[in-house]
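Take a look at the structure set out below.
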Amino acid sequence: MFESNVAVVGAGYVGLTTAACLASLGHRVTCADTDQAKVDTLRAGQATIREPGVRELLVQGLAADRLEFVLGAAAAASEAEIVFLCVPTPMGRDGAADLTTLESVVTELRDVLAPGCVVVTKSTVPVGTAVHIDGLLGRTDVAVVSNPEFLREGSAVHDFLNPERIVIGSEVPPAAERVAVLYKELGAPVVQTDSASAEMIKYAANCYLATRLSYVNAIAELCEHLGADIDDVTRGMGLDQRIGPSFLKPGPGWGGSCLPKDTHALLRTAEALGCDFPLLRATIDTNHRQHELVVEKVRQAVGGRLTGVRIGLLGLTFKANTDDLRDSPALVIAKRMAAEGAELLGFDPSLPGPAPGTTGQMRVVDTPYQAADGAAALTVLTEWPEFRDLDWERIAGLLSGRSVIDTRNHLDPLVLRHAGLSCRQVGHPAPEDLGLAG
Ligand code: UGA
């Protein structure tokens, strides 16, 4: 089997998953981070992210001597044949991607890289970044390749090892081929193209996914007014092979570390070019509106005003099976309710204690039952599987009101009804319209 000497710069979600998976494919991987404590933890075989499968691959990679962790990019990259850049590219103040960290890593590596080395961007970066990095490096003996990741948090290892496609873009085809060989045994279709197209594929895919969800959320709102059922509607849509069944679930709005950042970044790119992109603007605006619709449902459920009203929140992460709170719709909604004077009790299974950035606005409690204690309404914001199996009779006894607002269509309304509760979902007519109020 072909075996490469690879460096991965950055041990976050993308970097650590990439490093652990490439090691599992038989490559020798050195992964760098600037955080000494993180490096020490990883060296000890403990995962620093909550991601199924990462710990196992980490332990295997360390034991097989195919994976090591070092402090600083230069220490990892000096002997590597291929260097993956997996550093954060957060949203800057104007909505555009902030490349400060990426640029400083490239500057640090400029004089360290071995001749013939290939530098690969894996983080999501604006179109044109590969060419920009090439200019910053100023090395004719080093090629730059764009190889965007398509990893979903919570199934990143599975997505890495079972890719639907591998996208590789470069102005230097032999360099692109060297990167393609790393993934050869995965047998996925490879889209080999220029770097701008590879970078654009990532934005186009994430922005399409966000647009699809905003569309579904808008259709769900219409369903509520028209007495239609969004779950049946999306099932009927998804059986059309041109549409497909995935990514059609309505919710409290889409969030996370990727879709919000990438939609804003592409919109800024379009604006900078003088290209109007009203569809993408509407995608973002519809998402903000979705947060407001949730707040309005909670307001209605407690009689029209949130001031001084206790509300329980179940699920704070941006989706289930992650501990990531970045750009979580749950926190945006919590913030809006807190601004109206609601007293918030929040619970999330992935958070051991008070969540960063949430203290002050809400009290983070240790059990879902504590979140319900004395609350006028309970709002489910993340689809954690265990919420379906809560003791709803007990919750009914703890709540001061009767309303549960299920923003993920995750609960069984009949079970709640048996417990004497009214369950308001997304894209379903209100229980009172069906004569089902608890
Ligand atoms: C997303 C993309 O799905 C990945 O392909 C991409 O690689 C990644 O961003 C990235 O750019 O790194 P992720 O942010 O982990 O992955 O989350 P998703 O599973 O895509 O969910 C995004 C948001 O949409 C969440 O808030 C989720 O709850 C929401 N969602 C998703 C729905 O409301 N309904 C759905 O049917 C699916």
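The values are calculated or read from the model by the stated rules, or taken from the named source; none is laboratory data. The structure displayed is predicted, hence computed values, not measured ones. Virtual Cβ from ideal backbone geometry, glycine too; neighbours counted across all protein chains shown. The area values use the complete protein model at the heavy-atom level, side chains included, leaving out ligands, DNA and RNA. Shrake-Rupley method; radii C 1.70, N 1.55, O 1.52, S 1.80 Å.
Given points 7 Å out from each Cα along the Cα-Cβ axis, report the Y208 to D229 separation in nanometres with one decimal.
With each label placed 7 Å out from Cα toward Cβ, I get 3.1 nm.
Quickly estimate the mean residue ellipticity at 222 nm for the chain, helices only: each DSSP H run with n ≥ 4 gives -39500 (n - 2.57), and the total goes over all residues, rounded to 500. Working shown, then result.
On the way: 16 runs with 178 residues, N = 438.
Value at 222 nm, helices only, nearest 500: -12500 deg cm²/dmol.
Give the long-range amide H neighbours of V190: residues separated by 5 or more places, or on another chain, with amide H under 5 Å away, using H modelled in the peptide plane at 1.01 Å from N.
I166
For L279 and D111 in the same chain, what is the full-extension length gain: residue separation times 0.36 nm, less their Cα-Cα distance, in nm?
56.1 nm
So, for the chain, what is the accessible surface per residue at a probe of 1.4 Å, expressed in square angstrom?
Working: 18770 Å² over 438 residues.
Per residue, the chain has 43 Å² of solvent-accessible surface.
Of the trypsin sites (Lys or Arg not before Pro) in segment 238-289, which ones lie in a loop per DSSP and count no more than 14 other C-beta atoms within 10 Å?
R242
Among DSSP beta bridges whose residues both lie in the chain, state the antiparallel percentage, nearest 5.
Antiparallel bridges: around 5 percent, rounded to the nearest 5.
With a cut-off of at most 12 other beta carbons within 10 Å, and DSSP calling the residue loop, which chymotrypsin sites (Phe, Trp or Tyr not before Pro) in segment 1-98 qualify? Please list them.
Values: sites: F2, Y13, F69, F84; in loops: F2.
Passing sites in segment 1-98 are F2.
Please report, in whole Å³, the volume per residue of the convex hull around the C-alpha atoms of segment 1-127.
So the per-residue hull volume is 115 Å³.
With the full set of protein chains in place, find how many percent of the accessible area of segment 285-434 is carbon and sulfur; take the probe as 1.4 Å. Before the final figure, lay out the partial values.
Working: 2950 of 6100 Å².
Taking all protein chains in place, segment 285-434 shows 48 percent carbon and sulfur surface.
What does the highest-first list of 418-428, 150-160 look like by mean Cβ count within 10 Å? Present the calculation step by step, with values, prior to reporting the outcome.
Details: 418-428: 21.5, 150-160: 18.8.
Put in order of decreasing packing, that is 418-428, 150-160.
Looking at segment 5-194, send over the antiparallel percent of its DSSP beta bridges, to the nearest 5.
In segment 5-194, approximately 10 percent of DSSP beta bridges are antiparallel ones.
Please report the relative contact order for the chain, taking Cα pairs under 8 Å with a sequence separation of at least 6, and give it as a percent rounded to a whole number.
It rounds to 11 percent for the chain.
Decide, for segment 285-434, between rounded, prolate and oblate: order the square roots of the alpha carbon gyration tensor eigenvalues as a ≥ b ≥ c, take rounded if a/c falls under 1.5, and otherwise choose prolate if a/b is larger than b/c, else oblate.
Judged from the Cα gyration tensor, segment 285-434 comes out rounded (a/c under 1.5).
Going 7 Å from the Cα of A180 along its beta-carbon direction, which residues of segment 4-30 have the amide nitrogen within less than 19 Å of the resulting point?
Under cut-off, by backbone N: 4.
Between D391 and I243, what's the calculated FRET efficiency when r is the beta-carbon distance and R0 is 25 Å? Round to 0.05.
Values: r = 38 Å, r/R0 = 1.54.
The computed FRET efficiency comes out at 0.05.
Please compute the length gained on full extension between S197 and E56, using 0.36 nm multiplied by the number of residues separating them and subtracting their Cα-Cα distance.
On the way: separation 141, 0.36 × 141 = 50.76 nm, distance 3.47 nm.
That works out to 47.3 nm of additional length.
Which ³J(HN,Hα) values, rounded to whole Hz and listed in residue order, are derived for segment 281-290 from phi using the Karplus coefficients 6.51, -1.76 and 1.60 in 6.51 cos²θ - 1.76 cosθ + 1.60 with θ = phi - 60°, glycine and proline given as x?
Couplings: 4, 5, 4, 5, 4, 4, 5, 4, 5, 4 Hz.
Given R₀ = 35 Å, what would the calculated FRET efficiency be for E171 paired with E3, taking r from the Cβ atoms and rounding to 0.05?
Efficiency, rounded to the nearest 0.05: 0.85.
If you plug each phi of segment 330-338 into the Karplus form 6.51 cos²θ - 1.76 cosθ + 1.60 with θ = phi - 60°, what whole-Hz ³J(HN,Hα) values come out, in order, with x for Gly and Pro?
4, 6, 5, 5, 4, 4, 5, 5, 4
Hey, any idea what % of segment 5-194's accessible area is carbon plus sulfur with a 1.4 Å probe?
52
Expressed in nm to one decimal, what extension gain is obtained for the pair D373 and H288 from 0.36 nm per residue of sequence separation less their Cα-Cα distance?
Working: separation 85, 0.36 × 85 = 30.60 nm, distance 2.92 nm.
Extra length available between D373 and H288 comes to 27.7 nm.
Treating the chain as a set of equal point scatterers at the Cα positions, no solvent, please give the Debye-formula log₁₀ I(q)/I(0) at q = 0.06, 0.09, 0.13 Å⁻¹.
The Cα Debye sum returns log10 ratios of -0.29, -0.63, -1.15.
List the residues of segment 76-97 whose backbone N lies under 20 Å from a point placed 7 Å from the Cα of S104 along the Cα-to-Cβ direction.
Answer for this model: 76-78, 84-97.
Quick one: which of K38/K335; K202/K249; K122/K184; K38/K261; K249/K335; K122/K319 span more than 28 angstrom between C-alpha atoms? Could you put the intermediate results ahead of the total?
Values: K38/K335 31 Å; K202/K249 22 Å; K122/K184 17 Å; K38/K261 25 Å; K249/K335 24 Å; K122/K319 23 Å.
As for pairs spanning more than 28 Å Cα to Cα, those are K38/K335.
What are the residues whose amide H is under 5 Å from the amide H of T379, where those residues sit 5 or more places off or on another chain and H is modelled from the backbone?
For T379, whose amide H was placed from the backbone, the distant partners under 5 Å are G312, L313, L314, I405.
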